[in-house]
Amino acid sequence: MSVARVCIDSELPHLDRPFDYEVPEKLAGTVDVGSRVRVRFAGRLVNGVVVSTAGGSDFEGRLSPIHSSSAVPSFTAEAIAFAGQVARRYGGGLWDVLRLMAPPRVAGVEKRDWSTVEHDEQAFREAYATLAPAAEAVSLPAAVASGARIVWEAVPDPALRHGLPVEALLAPAAEVAARGLTSIVILPDARALAAAADALTRAGLARWTSRSGGHFTVLHADDGPAVRFGSYLAAMHGHARIVLGTRPAAMQPVPNLGLLVMWDEASTVYEDPHAPYPHARTVAAMRADEAGAGVLLAGYAPSVEAMALVAHGWAERAAVPRADVRVATPLVTIIDDERREAEGASGWHWMPGQVWRRARAALEDGPVGIVVPRAGYVRATACARCGEWASCTSCGGPLRKESAVATLHCADCGADHPHWHCAECGSPATKQLRQGVERIAEQVRAMAGSVPVTLSAGAVGTVADGEVTEGIVVATPAALPAVTGGYARIVIVGAEVPAGGALGAELQAMRWWLSIAALARPRGAGGEVIAVGELPPVVREALVGWNAAEAAWDAYGERADLALPPYRRAIRLWGETPVLTLALSETVEGERLERHRDVAVVEAKGGVILLVTRRATQSVVDTLRRRQQEFSKAGDGELRMRVDAPLDPVS
């Protein structure tokens, strides 16, 4: 009897183990390791994945047969084993990781012949020859293509086509592909994916399609289920040697992995919002360890977690020589409160007079960008007479407006307030406190006269790179499009550190504003970025000197002194008080968790956070996972766990 061991789709921790099923004769030639199947469990049909096969079973009863199976496997045996490693590291279930690894299957796509693999070696060599000069121009370490692990503080694309040095990032990927290995390039969003695909196409490589094949695949949900699943299978079977994708690409199964490239690794988009909440950077590092592949973690502002990899000796730190940095980057000017005060009344306008005059003058040389960190129209209002904040009478939330003629409504509960009056003085008049990008764009159009003004924001539509050739672009930070040759001047309105002061807020501010600055021309060509706002000294220095990596390195040293992540790892636990008490009474290496020498217990909203030394973390996670499964099996309560959890308060 042929037996398949199946991981089933279940949220219950105690069911996170394989179950034996009989492979019926009609599916004998179809079911294999990695096949997606439908099986009967607890009286209903559920989804599952075959994790192994055997000639018999230790189960003494009668095995249920597999109901149906995919035509081809969706996972390799190696991918399933790696998914198990990720699940263990994050204290989660295997099914949850497999669900994140592969897109939903499309039966029609599976009918294609996936066995034939042909590669045009010459095309990859020619592509590398085309891309290599871009890597040399920005001093990208060549060793990354030979297996080195590099954390690289980047400088802008010399060609100024996009907001990232895309040709430089792709050069080692093409070099590795020319040697018969696979490269995975992980990018934060659709704009970066389009830039990378465009660069590879210009280098002579073709995107893979089900009809014509190709040299590289693009993995993105916007392509639709059939294209997305087809690209996934093509990468898994080695039909394309360069894989471009967003966060899920970090787990994409591929043969002969040789290199992982991750751009803007400090971006929060790489943290998966679904259990067990793996981070693409960590997944990439685990894959590199397993495959012996090279890793390039790149960005204008490396994360403190990347610097931790350097401090632990896992990766090397690389940067562009300082003289070259100055040549490649724009001049950055900070207009702080002192300079605004010196200008007088006009200095306190959202666009100080001196800044507007310099922006208007730069229009003679090329497009000008105005970046507004707030979306929408008006994010907050106040009484025009006494200055009291306008708040909702039902919940106390701030009142905002979505357009010039819109009614005030609550940002929290959504209640409309067409007849609002100030609770302090009774006045019905309001003034705008926090203007969003749409309101700022209205004012810029009035100020600019005949100069064309383009608005780019998520709510109204983002403008593609290269589409704007003149005038002013008003945009939110992530929606500012690149322009050919770079912006003559960029003004950041309300430059600040994210509200709340969470751990790492200053580093995130550096990343935001340096990513914007990368779209301006170099200072030698007259490029300038003007940031209007009060910024902490460490952020000012990073922006003006383009040395955010040094700030991240210093931040890691400070956190190490305070025993904070990433020096230690954070494990967040939620549950009822009796559940948490029992969990913390578990023993690891003979010591109770609540008194363990390697564990610090910190009270948090709805539970606790354990700050654990890296040496002891896996043992602690394994222990808590076993306790979680015991609670689940007995029905005595629910223990929720998140490994590498953020320290800021969450519900």
Quiz item: Restricting attention to segment 440-454, and to residues there that are free of Cβ contacts under 8 Å to residues at least 12 places away in the same chain and over 36 Å from the mean Cα position of the chain (by Cα), which single residue is farthest from Ala404 (Cα to Cα)?
Solution: Ser450
Self-check item: Which numbered condition Pro498 fails, given (1) buried (at least 16 other Cβ atoms within 10 Å of the Cβ); (2) within 24 Å of Trp348 (Cα to Cα)
Solution: (1)
Exercise. Would you check which residues across segment 65-105 are in a loop (DSSP other than H, G, I, E, B) and closer than 13 Å to Pro278 by Cα and list them?
Key: Gly91, Gly92, Gly93
Quiz prompt | Condition check for Ala552: outside any loop (DSSP other than H, G, I, E, B), closer than 20 Å to Glu271 by Cβ, outside the structural domain of Ala319 (by TED's automatic domain parsing) and touching a residue at least 24 places away in the same chain (Cβ under 8 Å) | solution = yes
Practice problem: Look through segment 44-102, keep the residues that are basic (Lys, Arg) and under 28 Å from the mean Cα position of the chain (by Cα), and return whichever of them is nearest to Ala616 (Cα to Cα). | Solution: Arg89
Quiz item: Right, Ala168: without any contact (Cβ under 8 Å) to a residue 40 or more places away in the chain, assigned to a loop (DSSP other than H, G, I, E, B) and outside the structural domain of Leu514 (by TED's automatic domain parsing) or not?
Solution: no
Quiz item: Restricting segment 469-517 to residues that are in a loop (DSSP other than H, G, I, E, B) and β-branched (Val, Ile, Thr), which is nearest to Pro188 (Cα to Cα)?
Solution: Thr476
Practice problem: Go through segment 318-328 and give me each residue that's buried (at least 20 other Cβ atoms within 10 Å of the Cβ) and either at pLDDT 95 or above or among the small types (Gly, Ala, Ser) (or both). | Solution: Ala318, Ala328
Quiz item: Hey, any hits in segment 58-65 for a residue that's touching a residue at least 40 places away in the same chain (Cβ under 8 Å), small (Gly, Ala, Ser) and in contact with a helix residue (DSSP H, G or I) (Cβ under 9 Å, 6 or more places away or on another chain)?
Solution: no
Quiz item: Val138 versus (1) farther than 23 Å from Phe216 by Cβ; (2) modelled with pLDDT under 95; (3) crowded, with 20+ Cβ neighbours inside 10 Å: which is the lone unmet condition?
Solution: (1)
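Quick one: which helices (runs of 4 or more DSSP H) lie wholly within segment 276-335 and hold at least 1 residues that are touching a Leu at 6+ places or on another chain (Cβ under 6 Å) and under 17 Å from Asp554 (Cβ atoms)?
Where helices (runs of 4 or more DSSP H) fall fully within segment 276-335 and carry at least 1 residues being touching a Leu at 6+ places or on another chain (Cβ under 6 Å) and under 17 Å from Asp554 (Cβ atoms), they are 304-311.
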Exercise. Starting from segment 559-585, keep only residues that are at positive phi, then list their pairs with residues that are part of a loop (DSSP other than H, G, I, E, B) whose Cβ atoms are within a distance under 7 Å, requiring at least 6 positions of separation or different chains.
Key: Gly575/Gly637; Gly575/Glu638; Gly575/Leu639
Exercise. Can you work out which of the residues in segment 455-468 that are in a loop (DSSP other than H, G, I, E, B) and either free of Cβ contacts under 8 Å to residues at least 12 places away in the same chain or among the charged types (D, E, K, R) (or both) is farthest from Val538 (Cα to Cα)?
Key: Glu467
Exercise. Scan segment 497-507 and give yes if some residue there is in contact with a strand residue (DSSP E or B) (Cβ under 6 Å, 6 or more places away or on another chain), on the phi < 0 side of the Ramachandran plot and of a type outside the set (S, T, N, Q), otherwise no.
Key: no
Quiz item: Asp96 passes all but one of (1) surrounded by fewer than 18 Cβ atoms within 10 Å (Cβ to Cβ); (2) under 30 Å from Pro18 (Cα atoms); which number fails?
Solution: (1)
Practice problem: List every residue pair whose Cβ atoms sit under 6 Å apart, with the two residues 6 or more apart in sequence or on different chains, where the first one lies in segment 183-202 and is touching a residue at least 12 places away in the same chain (Cβ under 8 Å) and assigned by TED's automatic domain parsing to the domain that holds Arg149 and the second, anywhere, is of a type in the set (A, V, I, L, M, F, W, C) and surrounded by fewer than 21 Cβ atoms within 10 Å (Cβ to Cβ). | Solution: Pro188/Val269
Quiz item: Residue check, Pro398 against (1) surrounded by fewer than 16 Cβ atoms within 10 Å (Cβ to Cβ); (2) of a type outside the set (A, V, I, L, M); (3) outside the structural domain of Gly347 (by TED's automatic domain parsing), all met but one. Which one?
Solution: (1)
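The values are calculated or read from the model by the stated rules, or taken from the named source; none is laboratory data. All of these numbers come straight from a predicted model, not from anything done at the bench. Ideal geometry is used to build each Cβ from the backbone, glycine not excepted, and the neighbour counts take in all protein chains shown.
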